[in-house]
Structure formats: structure tokens, C-alpha cells
Amino acid sequence: MDDGTELELISSITADVMTCLRRSQFFERLDDLLCPNAGGAGELCAGDYTLAKRVLQAGAFDSADWDDIFNVLRTQGACCDCEILYNVAESSRLKAQYWKSQAQGVKAKPQHGKAQ
């Protein structure tokens, strides 16, 4: 498939993929891993989709659909787990925590860690 055809496909499925992700609470579940409600230490983003794959698998998404899902997320600026929450999710505790820290002049986005 050439780049133009692939971009057209991604564009044509984006709204439906995003609906499925929202309906399955994908963003909330990923946020629970990276920024738990209980305030404990969240898992580190490994700079890839390790945690997102775990959430998709638990949400009964077929692994055959993952390429489409990650292509859609990439076109929206998400090249890893934390960027899904920073750049694609409408809201997340991780994004809110980041901006609160920025406003207080405390720290920048956490660095990527090693895969768990």
C-alpha cells in the first residue's frame, strides 16, 4: 500500500477507532497505569506502546487490529504510551499532573523508563 492510500485509510477509520477506544475506556485504563488515582507511583512509559497493548488485550481488542489503532494514534501525535495521554486523550490525570507541575515550576514531563 502506498503512503497516500494508507493515509486515506487511516483518515477514513479514525473516527470509528476513536469511538471504539472511548467506549472501551481505553484512555482511562491507560491513565490508571501511568497515573493511578490512589496517588501511588505509576508505571513508566517505555517509549513504546507496551502498556497500551496490555490495555487493548484486556479490553478484548484483537491483536490484528492493533496496527490500525496505533496508526490512528500516531497520526494524532502519539508515538508511545504517555503521548497517547498527553496528545490524544481529551483529558487525563497524567496531563493534568504535568500542567500542575509546570505551573508550579516543579518539573517537566517524566523521562521514558525501561519496559516493565
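No lab work stands behind these numbers, since they all come straight from the coordinates. No experiment lies behind these values; they were computed from the predicted model shown. All Cβ positions, even for glycine, are placed from backbone atoms using ideal geometry, and neighbour counts span all protein chains on display.
Here is how the numbers come out for the structure above:
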{"read-out": "Degrees between helix 3-23 axis and first principal axis of the chain (Cα, 0 to 90, nearest 10)", "value": "60"}
{"read-out": "Estimated inter-spin distance, A38 and D65, nm [label 7 Å along Cα→Cβ]", "value": "3.0"}
{"read-out": "Estimated translational D of the chain in µm²/s (Stokes, Kirkwood radius over Cα pairs; 10 °C; 1.306 mPa s)", "value": "107"}
{"read-out": "0 to 90° range, to nearest 10: angle between helix 66-75 axis and the chain longest Cα axis", "value": "70"}
{"read-out": "Contact order normalised by residue count of the chain, Cα under 8 Å, 6+ apart, percent", "value": "30"}
{"read-out": "Segments 44-51, 97-104 sorted - mean Cβ within 10 Å per residue, highest first", "value": "44-51, 97-104"}
{"read-out": "Two-site FRET efficiency, T19 against H112, from Cβ-Cβ distance with R₀ of 25 Å, rounded to 0.05", "value": "0.30"}
{"read-out": "Degrees separating the helix 93-104 axis from the principal Cα axis of the chain, which is the longest one", "value": "50"}
{"read-out": "Using a Förster distance of 30 Å, the FRET efficiency for A58-E8 (Cβ separation, nearest 0.05)", "value": "0.45"}
